[in-house]
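Written out below as structure tokens is the structure these notes cover.
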Amino acid sequence: MKQLIIAALLAGSCSQHIQAQSNTAASDLYLDIHRLPAGQVKAADVAAAHQKDLAVQNKYQVRFIKYWVDEKQGLVYCLSSAPDTAAIRQTHQEAHGLLPAEIMPVKDGKAGKEKAGKTYFLDIHELGAGNVKASDVAAAHEKDLQVQQQFGVNFINYWVDEQRGMVLCLSQATEAGDVVKTHKKAHGLIPVSVTPVKQGQ
């Protein structure tokens, strides 16, 4: 954990790159992304930091829902509901000092059932600012659900940042290529990245 905190403090020296946004979105659901040195983030350390978030979240009216860790690339994704982005930053700051590089207001879909023993994947679509609506993503997601069994994929949910034109999909599969194949057959929207993650809550 100490190594994780040191890395975050070093990253924090470039605070001008931290993109905390004002609360301009109608939704109170957010995804914040921590970008730490690749290969230096362990799921166990993130779990410990998450417990500290839970211990202070009520003070700032934040509710952390789930998080996902990409150990290889040093990425941590946290899903929460909050009154604004400042409350999320304050919670992280007081809990452990690990500030997110980005906080995105998002809209989600209807969550599906998770399956035991399968690997989680997060895939990211970058469609361009103003080029995506949650209703369009909902329609594309339904197409994914219709063909997912052909590739052994289980799509669980997705989150849409309409302002940035980003979509993040959570699924379970044997390998990343199966997720790509499902998207390609369903609607042709290929993600820019698909990475295995460990989930916590």
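The values are calculated or read from the model by the stated rules, or taken from the named source; none is laboratory data. What you see is a predicted model, and the numbers here were worked out from it, not measured in a lab. Every residue, glycine as well, gets a Cβ built from its backbone with ideal geometry; the counts of neighbours run over all protein chains shown. Remember, those area values only see protein heavy atoms, side chains included, never the ligands or the DNA or RNA. Shrake-Rupley method; radii C 1.70, N 1.55, O 1.52, S 1.80 Å.
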If residue 179 meets every condition in (1) outside any helix (DSSP H, G or I); (2) β-branched (Val, Ile, Thr); (3) open to solvent by less than 20 Å² (accessible area, probe 1.4 Å) apart from one, which number is that one? (1)
Return the total of residues in the range 55-87 being within 22 Å of residue 37 (Cα to Cα) and outside any strand (DSSP E or B). 4
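Could you check the range 64-80 and list, in sequence order, the residues that are among the polar types (S, T, N, Q) and open to solvent by 20 Å² or more (accessible area, probe 1.4 Å)? Step through it out loud before you land on a result.
Filtering the range 64-80 down to residues among the polar types (S, T, N, Q) leaves 73, 80.
Answer for the range 64-80, where residues must be among the polar types (S, T, N, Q) and open to solvent by 20 Å² or more (accessible area, probe 1.4 Å): just 73.
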Residue pairs meeting the criteria (Cβ under 6 Å; at least 6 apart or on separate chains; first within 17 Å of residue 114 (Cα to Cα), in the range 172-185; second open to solvent by less than 10 Å² (accessible area, probe 1.4 Å) and acidic (Asp, Glu)): 179/123
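Out of the range 141-158, which residues are of a type in the set (A, V, I, L, M, F, W, C), under 25 Å from residue 73 (Cβ atoms) and open to solvent by 20 Å² or more (accessible area, probe 1.4 Å)? Talk me through it step by step, then tell me what you get.
If we filter the range 141-158 for residues that are of a type in the set (A, V, I, L, M, F, W, C), which is where we start, we get 145, 147, 151, 153, 155-156.
With under 25 Å from residue 73 (Cβ atoms) added as a condition, the list becomes 151, 153, 155-156.
Within the range 141-158, just 151 meets the criteria.
Among the residues of the range 159-169, is there at least one that is part of a helix (DSSP H, G or I), modelled with pLDDT of 95 or more and open to solvent by less than 30 Å² (accessible area, probe 1.4 Å)?
Our first condition is that a residue be part of a helix (DSSP H, G or I); within the range 159-169, this holds for none.
No, every residue in the range 159-169 fails to be part of a helix (DSSP H, G or I), modelled with pLDDT of 95 or more and open to solvent by less than 30 Å² (accessible area, probe 1.4 Å).
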Filter result (of a type outside the set (S, T, N, Q) and touching a Lys or Arg at 6+ places or on another chain (Cβ under 8 Å)) within the range 47-69: 68, 69
Would you mind finding the one in 62, 41, 56, 69 that is hydrophobic (A, V, I, L, M, F, W, C), under 13 Å from residue 200 (Cβ atoms) and at pLDDT 95 or above? 69
Looking at (1) part of a helix (DSSP H, G or I); (2) touching a residue at least 24 places away in the same chain (Cβ under 8 Å); (3) not acidic (Asp, Glu), which one does residue 149 not meet, given that it meets all the others? (2)
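When you look at residue 86, is it among the aliphatic types (A, V, I, L, M), more than 19 Å from the chain's Cα centre (by Cα) and either surrounded by 18 or more Cβ atoms within 10 Å (Cβ to Cβ) or closer than 24 Å to residue 74 by Cα (or both), yes or no? Full working, then the answer.
Numbers: among the aliphatic types (A, V, I, L, M): yes; more than 19 Å from the chain's Cα centre (by Cα): no; either surrounded by 18 or more Cβ atoms within 10 Å (Cβ to Cβ) or closer than 24 Å to residue 74 by Cα (or both): yes.
Taking the combined requirement at face value, the residue does not satisfy it.
Could you say whether any residue in the range 108-127 is of a type in the set (D, E, K, R), touching a Phe, Trp or Tyr at 6+ places or on another chain (Cβ under 7 Å) and closer than 17 Å to residue 159 by Cβ?
As a first pass, look at the range 108-127 and keep what is of a type in the set (D, E, K, R): 108, 110, 113-115, 118, 123, 126.
In the following step, the residues that additionally are touching a Phe, Trp or Tyr at 6+ places or on another chain (Cβ under 7 Å) were identified as 108.
Now drop any that are not closer than 17 Å to residue 159 by Cβ, which leaves 108.
The answer is yes; a qualifying residue exists.
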Go through the range 49-105 and count every residue that is without any contact (Cβ under 8 Å) to a residue 40 or more places away in the chain, out of contact with any helix residue (DSSP H, G or I) (no Cβ under 6 Å at 6 or more places or on another chain) and of a type in the set (Val, Ile, Thr). 0
Go through the range 91-140 and count every residue that is crowded, with 17+ Cβ neighbours inside 10 Å and either outside any loop (DSSP other than H, G, I, E, B) or charged (D, E, K, R) (or both). 17
